[in-house]
Amino acid sequence: MNLNRAILVGRLTKDPEARVLPSGQQLTSFGLATSRFYKDQSGQRQEKTEFHNIVIFGKMAETASLYLKKGSLALIEGRIQTRNWLDATGNKRYRTEIVAEGLQLGPRPQGQQNQTAPLSSGYSQAMPPEQTAPQTQQAQPTQQDAEPEIPIIEENDTIDVKNIPF
């Protein structure tokens, strides 16, 4: 089994750059900084920051270019991809980037209007600031929402491979 998955929560290092590919598909790219904190051998608190190149395609790219700006907090879920090309002098160049498949926008700074981003491919929605978060009532689960009953398998039962749903 192979898995190529990255989940990052960080802040944009620059405003998103939006463009349209010759195929007509929307593309947005930006930098994202993530930090980790740790204590060194002497007990001093240290910070290590990593910088990531993010690329988003399609409807989610439009959402990102509309609602994100330098300093915005965002959660990105996607895959890691390394591209290579020859530059003008003939040297081979490499760029590792996260191709976003999911985007969740962080809270907006105080003073901005409370509007949410449209949903797009993956999951993309704006989170309202904590100060203005509306209080909602808990919806009662319907028959359709109820989880299916899972059968209990006894120790001596046999499992037929044809009945496994995946």
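Only the coordinates and a few stated rules stand behind these numbers; no lab work does. None of the values given here were measured: they were computed from a predicted structure. Glycine also receives a Cβ, built like all others from the backbone with ideal geometry; neighbour counts cover every protein chain displayed.
A compact table of results
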| read-out | value |
| --- | --- |
| Amide H partners (placed H, <5 Å) of Thr13, local residues excluded | Gly31, Leu32, Ala33, Gly71 |
| Overall form of the range 42-100 per C-alpha gyration tensor (a/c, 1.5; a/b vs b/c) | oblate |
| Dipole magnitude (debye, nearest 20) for the range 6-125, charges at Cβ of Lys, Arg, Asp, Glu | 200 |
| Average silhouette area of the range 6-125, convex hull of alpha-carbon atoms, in square nanometres | 10.4 |
| Taking Val20, Val99 and counting other C-beta atoms within 10 Å, the order from fewest to most | Val20, Val99 |
| Restricting the range 24-70 to trypsin sites (Lys or Arg not before Pro) in coil, as DSSP defines it, with at most 16 other Cβ within 10 Å | Lys69, Lys70 |
